[in-house]
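Structure first, then comments.
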Amino acid sequence: MTDDSLSSHLHELDLSPDPAFTAQANGTAEMYDEAAADHEGFWARQARERVTWAKDFDTTLDWSEAPFAKWFVGGELNVAYNCVDRHVEAGNGDRVAIHFEGEQGDTRTITYADLQREVSKAANALASLGVSTGDRVAVYMPMIPETVFTMLACARLGAPHSVIFGGFSAEALHTRIADAEAKVVVTTDGQWRRGKPAPLKAAVDAAIHHGDDASPVEKVLVVKRTDTEVEWDDERDVWWHDLVEGQPDTHEAAPVDSEHPLFILYTSGTTGKPKGIFHTTGGYLTQAAYTNAVVHDLHPETDVYWCTADVGWVTGHSYIVYGPLANGATQVLYEGTPDSPHQGRWWEIVEKYKVSILYTAPTAIRTFMKWGTDIPAKYDMSSIRVLGSVGEPINPEAWLWYRKHVGGDRAPIVDTWWQTETGAIMISPLPGVTTLEPGSAQRPIPGISAEILDDDGNPFTEAEKVGYLVLTKPWPSMLRGIWGDPERYKETYWSRFGPKYYFAGDGAKYDEKGNIWLLGRVDDVMNVSGHRLSTAEIESALVSHPSVAEAAVVGAADETTGQAVCAFVILRGGATDHGEETVQELRNHVAKEIGPIAKPRQVMIVQELPKTRSGKIMRRLLKDVAENREVGDVTTLADSSVMNLIKQGMSSGSD
Ligand code: WT7
């Protein structure tokens, strides 16, 4: 579609809420006024209505030690009780919690009563391995029910989990296990990838036996998933089927303090060292449940909900495990990839389970667009009533495709902006309330306040002027810090415009209707397929290769993945450039050091890198090269001829 026909098509669409939808929607226009009139009162009400407290809280928000927040102070609760037991106690034990769809076509139906038994057994098993309140448990698993059982079992014991995405390498796993000092790791023998088993436990073994460092890991609990052969340490390793299956299927969930840590989740920042973002209990659960109810418009008695994210990312934490289960949802959990065994697999799943709410990422939608409209057209998707998008800006073209070919030209799309740090959705339309604007996340949800600041830190509201997105009031599911590094927390989020404003790292603007448009990161963070990667982390992986002297990495625009990793590399004096072979070797080296998601799309071997007189690499100029643009202003370069050299060298050595 050309830009012209796209804009005329947009113009013809009526994207105001359908009154029939509005009549049943969980979100209301009044919520905005209510929250604006009494911010804390609004959140206190959400906390009491959506969460069951073992002991009620006495103070909604303690911000006296800002930027370290305490929410629902004095309250006590157990997250697993809220996500599982209370639904059984309310008589909904027979409701399906999880429709599991394995990549191989195997399925499993898990009711809330089943979930209660499974989570209890897993909690008893972890306790028998010595896990108690406050101990950290690393989870390195594919998308299978045991992963959900494990996370909830940890929550049940008050033992913070640190889920590490199964696509991360042994090296990445090692750093994260060491930083969190995890005592137990839960993993599987292998994982199914496009019809084939890929080993997983092997990376755990390598992460534990890393150099000379003593590992904090005492026990490794292993689910048999693929029958992949594994090495076994009799002292340390335990099979899930040996230990968990024999456990009692009841377990008393002990309430913890509202501010007790629930999980740590590592994410990339502007330095090479990943940040352990940590979230606590009462505030996190409140906002996860609230947003899943009002933004996804979840009606647990009638909806079938499906979030396609991996549990290794925050989206899987908040919108597979904690939000939907706290709300008593029935959901689909799918192990595999969208094209396994065929490109219609997702739509087949939608048809089979009558999925009514689908939450996915723009990169997936753009992939489906490439595969063609005839694929979704083969399936009955009339059950769909709400669509969601997350991870990066959704371009209007993908938005329209999603609406038409998945949403039957009727389902509202919620474009949800948030971050690992925010814990839950922050900026999004409310379905049934908001008149939609394709490409824009629109406005902060009720209870959330945001502004856009100029370079001097002053808020403005003019349309089309580009500035920095900040959050202006604490929110319940906000991160409570960076694990073990409170200074870095203050420095990263509360110093650029602080101490009043949380700086998200995103550029943003308003349109003339007052909608917020997110414009991507303004720091050295890339967004590849909705996954956050830091330029510094990939650069340090590259320079760890014996042939590399220096590296600079940029995120270049990519039609499918949003951004793609492009690396510029200077080889060491003694190293020879073997062209394509060297390029492949360096790409594979990054995949090994960090994981396949970080593998550069392109590696360009260059003689020089563009630097300012103070030695800072000018990534902006490299980005121009990677995106095939005219190179911008080079006047601040120490040596202005460098860019010509790089451009000349571009014809060779690229992928
Ligand atoms: C960054 C956070 C939130 C879970 C997935 C990513 C970008 C996220 C949107 C959106 C525009 C978005 C931002 C943000 N982002 N959602 N709807 N529109 N940009 O979590 O890895 O913590 O990354 O993703 O740049 O800062 P994350």
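The values are calculated or read from the model by the stated rules, or taken from the named source; none is laboratory data. Everything quoted here is computed from the prediction, not taken from an experiment. Cβ sites come from the backbone with ideal geometry, for glycine too, and all protein chains shown count toward neighbours. In case anyone asks, the SASA skips ligands and DNA or RNA and just uses the protein heavy atoms, side chains included. Shrake-Rupley method; radii C 1.70, N 1.55, O 1.52, S 1.80 Å.
Listing for the model above:
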{"quantity": "Those residues of the range 177-202 which are open to solvent by 10 Å² or more (accessible area, probe 1.4 Å), closer than 20 Å to GLY276 by Cα and in contact (Cβ under 8 Å) with a residue 60 or more places away in the chain, in sequence order", "calculated": "ASP179"}
{"quantity": "Where ALA567 falls short, out of the listed (1) open to solvent by 30 Å² or more (accessible area, probe 1.4 Å); (2) away from the ligand (no atom under 16 Å from the Cβ); (3) at pLDDT 95 or above; (4) in contact with a strand residue (DSSP E or B) (Cβ under 6 Å, 6 or more places away or on another chain)", "calculated": "(1)"}
{"quantity": "Some residue of the range 478-496 being free of Cβ contacts under 8 Å to residues at least 24 places away in the same chain, assigned to a loop (DSSP other than H, G, I, E, B) and not aliphatic (A, V, I, L, M)", "calculated": "yes"}
{"quantity": "Residue match in the range 351-358 (condition: within 16 Å of the ligand (Cβ to nearest atom) and outside any loop (DSSP other than H, G, I, E, B))", "calculated": "yes"}
{"quantity": "Of all residues making up the range 1-36, the number that are at pLDDT 95 or above and within 14 Å of PRO396 (Cα to Cα)", "calculated": "1"}
{"quantity": "Every pair of residues 6+ apart whose Cβ atoms lie under 8 Å, when the first sits in the range 449-462 and is closer than 13 Å to ALA508 by Cβ while the second is open to solvent by less than 30 Å² (accessible area, probe 1.4 Å) and small (Gly, Ala, Ser)", "calculated": "ILE452/GLY467; ILE452/ALA508; LEU453/GLY467; ASP454/GLY467; PHE460/GLY467"}
{"quantity": "Qualifying residue in the range 324-347 (condition: within 16 Å of the ligand (Cβ to nearest atom), under 14 Å from the mean Cα position of the chain (by Cα) and either within 27 Å of TYR140 (Cβ to Cβ) or open to solvent by 10 Å² or more (accessible area, probe 1.4 Å) (or both))", "calculated": "no"}
{"quantity": "Unique residue being touching a Gly at 6+ places or on another chain (Cβ under 7 Å) and under 23 Å from PRO274 (Cβ atoms) when the list is LEU479, LEU471", "calculated": "LEU479"}
{"quantity": "Unmet criterion (only one of (1) buried (at least 24 other Cβ atoms within 10 Å of the Cβ); (2) within 16 Å of the ligand (Cβ to nearest atom)) for ALA289", "calculated": "(2)"}
{"quantity": "Helices (runs of 4 or more DSSP H) completely within the range 18-89 that count 3 or more residues being surrounded by 21 or more Cβ atoms within 10 Å (Cβ to Cβ) and not assigned by TED's automatic domain parsing to the domain that holds GLU491", "calculated": "39-50"}
{"quantity": "Hits in the range 249-286 - residues which are part of a loop (DSSP other than H, G, I, E, B), surrounded by fewer than 24 Cβ atoms within 10 Å (Cβ to Cβ), touching a strand residue (DSSP E or B) at 6+ places or on another chain (Cβ under 8 Å) and of a type in the set (Val, Ile, Thr)", "calculated": "THR270, THR271"}
{"quantity": "Any hit, the range 527-534, residues being in a loop (DSSP other than H, G, I, E, B) and small (Gly, Ala, Ser)", "calculated": "yes"}
{"quantity": "Whichever residue in the range 614-638 is touching a strand residue (DSSP E or B) at 6+ places or on another chain (Cβ under 8 Å) and surrounded by fewer than 18 Cβ atoms within 10 Å (Cβ to Cβ) and, among such residues, is nearest to ASP524 (Cα to Cα)", "calculated": "GLU627"}
{"quantity": "Members of the range 590-630 found to be at pLDDT 90 or above and assigned to a strand (DSSP E or B), listed by number", "calculated": "GLN602, VAL603, MET604, ILE605"}
{"quantity": "Within the range 417-437, considering residues that are in contact with a Phe, Trp or Tyr (Cβ under 9 Å, 6 or more places away or on another chain) and near the ligand (Cβ under 7 Å from one of its atoms), the one farthest from HIS296 (Cα to Cα)", "calculated": "GLU421"}
{"quantity": "Which listed residue is open to solvent by 10 Å² or more (accessible area, probe 1.4 Å), within 15 Å of the ligand (Cβ to nearest atom), small (Gly, Ala, Ser) and in contact with a Ser or Thr (Cβ under 7 Å, 6 or more places away or on another chain), from ALA450, ALA441", "calculated": "ALA450"}
{"quantity": "Leading residue by the ranking (nearest to the ligand (Cβ to nearest atom)) among those in the range 458-505 that are surrounded by fewer than 18 Cβ atoms within 10 Å (Cβ to Cβ) and β-branched (Val, Ile, Thr)", "calculated": "VAL466"}
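Quick grid of which residues meet (1) crowded, with 24+ Cβ neighbours inside 10 Å; (2) farther than 30 Å from LYS599 by Cβ; (3) not β-branched (Val, Ile, Thr):
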{"residue": "THR109", "(1), (2), (3)": "no, yes, no"}
{"residue": "TYR140", "(1), (2), (3)": "yes, no, yes"}
{"residue": "PHE149", "(1), (2), (3)": "yes, yes, yes"}
{"residue": "GLY158", "(1), (2), (3)": "no, yes, yes"}
{"residue": "HIS161", "(1), (2), (3)": "yes, no, yes"}
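Residue-by-condition table, conditions (1) within 9 Å of the ligand (Cβ to nearest atom); (2) over 18 Å from the mean Cα position of the chain (by Cα); (3) open to solvent by less than 20 Å² (accessible area, probe 1.4 Å); (4) modelled with pLDDT of 95 or more:
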| site | (1), (2), (3), (4) |
| --- | --- |
| TYR510 | no, yes, no, yes |
| GLY514 | no, yes, no, yes |
| TRP517 | yes, yes, no, yes |
| MET526 | no, no, yes, no |
| GLY530 | yes, no, no, no |
| SER534 | no, no, yes, no |
| VAL543 | no, yes, no, no |
| PRO546 | no, yes, no, no |
| VAL554 | no, yes, yes, no |
